[in-house]
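Okay, structure first, notes after.
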Amino acid sequence: MHYSILSELKNAVRAQKDKMILPFSKMDFAILKKLAENGYVKSVEKEAVGKKNIIVVRLAYKAKVSPVNDFKITSKPSRHTYIDYRSLNTVRQGHGLSMLSTSQGIMTGKEARKNKIGGEYLFEIW
């Protein structure tokens, strides 16, 4: 569930950890890949441990400061929030990132506007 990976990511950054290990799920892996592409984490890898798969996330720091400060979860299991691409705004005057689940996979808000596609508005991170 992507809600817990965000809080685990924030906690790991606050504790100055080098890496996180999470159980594998396709959605979490796709979200973490997008965060890696945008510089919020250094790298994301899928590894097999016995019969189970795990995600190994290496955290990014610049002068001991992480780009991850906080996040805001918008869509929850009890309340799904859908948004049109025309309604997508920048997060924190362009210093943040919004994440959507679309029919073409997980996308950032910028990619969704470019491809003119809306979807479920998952969260914002800055």
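Laboratory data are not the source of any read-out in this text; all were calculated from the coordinates shown. Here the structure is a predicted model, which is why all the values come from computation and not from measurement.
Points worth noting:
- Amide H partners (placed H, <5 Å) of A60, local residues excluded: K42
- Most mobile listed residue (G50, G39, G94) in the chain, GNM with C-alpha springs under 10 Å: G50
- Couplings 3J(HN,Hα) of segment 74-80, computed from phi: 9, 9, 10, x, 7, 8, 7 Hz, in residue order, whole Hz [Karplus 6.51 cos²θ - 1.76 cosθ + 1.60, θ = phi - 60°; x for Gly and Pro].
- Against the chain, whose longest principal axis comes from its Cα atoms, helix 2-14 is set at around 50 degrees.
- Taken along its three principal axes, the alpha carbon spread of the chain comes to 42, 37, 27 Å, from the longest extent down to the shortest.
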